[in-house]
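The values are calculated or read from the model by the stated rules, or taken from the named source; none is laboratory data. Nothing here was measured: the structure is a model prediction, and the numbers come from that model. Cβ placement follows ideal geometry from the backbone for every residue including glycine, while neighbour counts extend to all protein chains displayed.
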Amino acid sequence: MGFSENLHPSLPDKIKAQMPSGTGISKEGEDDVVTTLLEELLAMSPRTPVPSGSGRKDNDLPGSWE
């Protein structure tokens with residue numbers, strides 16, 4: 001998805017802030033943390049993600065002018 005610590009230096013702090021202190025976390029709790037963080041990151045994303053290689057360029061259209 002392109003989310004890395006280099007691109008999002010605050011990511012580790014956001015993860016730590018979502019984790020309960022002093023106790024373990026359930027699978028459901030972990031899923032909630034991941035979902036919350038992904039929603040935040042996607043909301044900050046400047047553009048709509050598309051699968052690599054599937055984006056169409058204007059000159060790829062059949063019959064397009066060059």
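Observations on the model:
- Selection count where residues are polar (S, T, N, Q) and part of a loop (DSSP other than H, G, I, E, B), scope the range 26-50: 3
- Scanning the range 1-43 for residues that are loosely packed, with under 11 Cβ neighbours inside 10 Å and touching a residue at least 12 places away in the same chain (Cβ under 8 Å) yields Met1, Gly2.
- Candidate set from the range 4-25 (those that are among the β-branched types (Val, Ile, Thr) and not in a helix (DSSP H, G or I)); member that is nearest to the chain's Cα centre (by Cα): Ile25
- Here Ser45, Ser64, Ser21, Ser26 are screened, and the one residue that is modelled with pLDDT under 65 and small (Gly, Ala, Ser) is Ser64.
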